[in-house]
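The values are calculated or read from the model by the stated rules, or taken from the named source; none is laboratory data. In this text the structure is predicted, and so the values were computed from the model without any measurement. Here Cβ is always computed from backbone atoms with ideal geometry, including for glycine, and neighbour counts include all displayed protein chains.
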Amino acid sequence: MLVWNRRWVSDDGLIVLRTVRNLLAGDGPVYNAGERVEANTSTLWTGLLALPGLVPGVSLNWAAVVLGLLLSVLGLGMGMDGARRLAGGRRRIVPLGAMVVVALPPFWDFGTSGLETGLIVGWLGLTWWLLVRRLEALRRAVEDGGGPTGRAWPAAVVLGLAPLVRPDLALFGLLAAAVLVLLERRGGVPRLVGLAAAAAVVPLAYEVFRAGYYGLLVPSTALAKEAGDPRWGQGLIYLDDLAGTYALWVPLAALLVGAVLLVARRPTGDPRLRVATAAVAVAPVLAGLLLALYVTRVGGDFMHGRMLLPALFSLVLPVLVVPLIWRTVLPVAVVGTWAVVCVLGLRPGYEDLGPGLIANERLYYVRLLGVPYPVATGDYVTHPMVPEGVAALAATDRPSLALAAPRPDGELEWRLLPEPAGARDTIAWLNLGVAGELAPLDVRVLDGVGLVNPVAAHATGLPDGRIGHDKDLPPAWYVAEAGVVDDGGFAPAEQLAAARAALACPATVEVLDSVRAPLTAERFWRNLTGAWERTSYRYDREPTVAATCAAAE
């Protein structure tokens with residue numbers, strides 16, 4: 001109910017939905033038809049959302065909300081059952097760690113949102129549950145004195161999906177794989193080789209497809225956010241924005257105390273089972289710490305709490321529920337009190353932007369649109385800028401590039417720059433999801449940060465720019481790339497000439513051909529073999545520097 005009461009589809013969620021619409025329209029898993037750019041971080045989420053789209057009359061927007069909610073509930077339920085089984089299947093249990101998940105407002109916000117958070121929670125809960133079931137199978141095997149029982153391949157297949165759920169979840173997947181090897185080693189080398197093949201076949205096959213189809217080794221979102229660059233300062237701000245706002249040290253300390261008290265009981269049973277049980281219990285905790293460390297290293301995100309939710313859920317998996325015994329009474333009381341306080345009063349101290357330009361994203365859009373539950377396309381027509389730009393393009397009698405420019409009073413207005421005959425209408429706007437939701441599929445929608453714009457994706461960013469938005473491509477690039485002959489002075493002449501020269505640099509031409517040239521067998525092979533170089537290629541965001549054709553360091 002808490003998640004349903006915060007139902008919405010975020011701007012980034014709308015990006016996913018436009019990709020799904022293009023896929024269903026036969027244009028492939030792309031954001032703009034004719035440009036093979038992987039705009040979505042979660043491959044599996046895109047594929048799942050396409051399924052309800054095959055049913056006539058089903059709203060993709062509402063399908064994303066419902067599916068995210070159901071997967072969140074499923075993940076929590078599977079995780080709780082896994083924790084119950086880990087504790088020996090006791091009937092008298094209490095939802096200790098589950099209270100942390102249920103009470104935290106960011107879990108409410110991103111349980112829907114159109115993004116993959118619900119899928120992540122569902123996948124984490126299912127993977128953990130499958131590992132616990134394999135532990136139970138090992139217990140039975142040890143008791144019976146035989147080899148492994150039951151089928152382990154479902155666990156291998158599911159944990160192998162980690163990078164397709166979200167690339168950074170490979171950290172969880174690798175630790176889960178190590179635990180699965182420990183649990184199944186009694187079956188011998190052939191069994192382990194078979195499980196490794198079951199885990200690797202789908203992600204490896206997709207990686208070959210990604211490199212050949214998109215021409216990159218990673219989604220365009222990784223280039224846009226430069227996921228390999230360390231930004232510890234911003235990351236620590238992001239970590240404190242979540243942990244400090246909700247005083248997370250209180251429940252996490254109580255969970256730690258509860259876990260220590262539970263394992264402090266005198267160990268019994270076969271030593272092999274104790275080691276296996278410890279591995280299953282510790283793996284998600286280590287994975288959660290690694291995920292939190294990774295998110296902090298790359299600078300977090302611009303959305304309050306969102307990127308740390310998988311790490312937090314992973315951390316609490318082993319103690320989502322605990323036995324109701326005297327050892328757990330105090331931790332349960334502490335976490336229960338914190339949960340009540342959190343639900344009733346703990347919120348970010350800002351309505352729009354907070355420290356480090358972190359956004360209270362859902363509240364921002366609710367206030368901007370004047371809609372309490374922004375989900376459907378019609379809920380976004382009150383956006384103060386995008387509908388006007390889309391309408392202006394629809395009213396033109398020739399292909400045009402729509403760019404926002406400041407008026408003398410400082411307010412933004414749309415400028416339409418004529419494009420060559422045969423070109424497609426193009427609109428450029430930062431809120432890419434809203435623009436793509438309101439613009440028809442035959443209108444090209446571009447951003448300046450590189451999520452869907454290949455020109456921006458390979459450009460360098462502004463030093464210390466807002467996380468996820470630091471590329472901020474200058475207008476001259478849009479005008480030059482669109483082929484506008486006379487822009488009426490929209491961009492400085494020197495920058496415009498330099499941008500045209502930069503776009504003619506051989507390496508840049510190859511990058512653009514990899515996403516725009518017809519996808520023949522030869523083009524697929526060139527994309528595949530050149531994906532490594534293309535993924536690392538960058539040029540300066542300043543056209544006058546990029547015009548030298550020197551790659552940025």
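Overview of results
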item	result
Where a residue in region 406-426 is more than 16 Å from MET385 (Cβ to Cβ) and its partner, wherever it lies, is aromatic (Phe, Trp, Tyr) and assigned to a strand (DSSP E or B), with Cβ under 9 Å and at least six apart	none
Single residue of region 325-362 satisfying the filter (of a type in the set (S, T, N, Q) and more than 26 Å from ARG7 (Cβ to Cβ)) that is surrounded by the fewest Cβ atoms within 10 Å (Cβ to Cβ)	THR337
Of all residues making up region 1-38, the number that are of a type in the set (Asp, Glu) and touching a Ser or Thr at 6+ places or on another chain (Cβ under 7 Å)	1
Residue that is nearest to ASP12 (Cα to Cα), among those in region 463-519 that are exposed (fewer than 15 other Cβ atoms within 10 Å of the Cβ) and among the acidic types (Asp, Glu)	ASP464
Residue satisfying all of: in region 207-221; among the hydrophobic types (A, V, I, L, M, F, W, C) and assigned to a helix (DSSP H, G or I); surrounded by the most Cβ atoms within 10 Å (Cβ to Cβ) among these	ALA211
Helices (runs of 4 or more DSSP H) wholly inside region 456-524 containing at least 1 residues that are β-branched (Val, Ile, Thr)	475-482, 506-516
Filtered residues of region 248-271 (kept if at pLDDT below 95, part of a loop (DSSP other than H, G, I, E, B) and not β-branched (Val, Ile, Thr))	ALA264, ARG265, ARG266, PRO267, GLY269, ASP270
In region 407-426, the residues that are modelled with pLDDT of 85 or more and either under 17 Å from ALA476 (Cβ atoms) or more than 33 Å from the chain's Cα centre (by Cα) (or both)	ARG415, LEU416, LEU417, PRO418, GLU419, PRO420, THR426
Criterion (under 24 Å from PRO310 (Cα atoms) and small (Gly, Ala, Ser)) met by exactly one of ALA155, ALA197, ALA211	ALA155
Pairs, first free of Cβ contacts under 8 Å to residues at least 24 places away in the same chain in region 236-265, second in a helix (DSSP H, G or I) and surrounded by 14 or more Cβ atoms within 10 Å (Cβ to Cβ), C-beta under 7 Å, six or more apart	TRP249/ALA243
Selected residue (criterion: farthest from the chain's Cα centre (by Cα)) from residues of region 188-201 that are touching a residue at least 40 places away in the same chain (Cβ under 8 Å) and surrounded by fewer than 16 Cβ atoms within 10 Å (Cβ to Cβ)	GLY194
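Yes or no, residue by residue, for (1) of a type in the set (Gly, Ala, Ser); (2) under 15 Å from LEU54 (Cα atoms); (3) in contact with a Pro (Cβ under 8 Å, 6 or more places away or on another chain):
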| residue | (1), (2), (3) |
| --- | --- |
| VAL3 | no, no, no |
| ASP12 | no, no, no |
| ILE15 | no, no, no |
| ASN22 | no, yes, yes |
| VAL37 | no, no, yes |
| THR41 | no, no, yes |
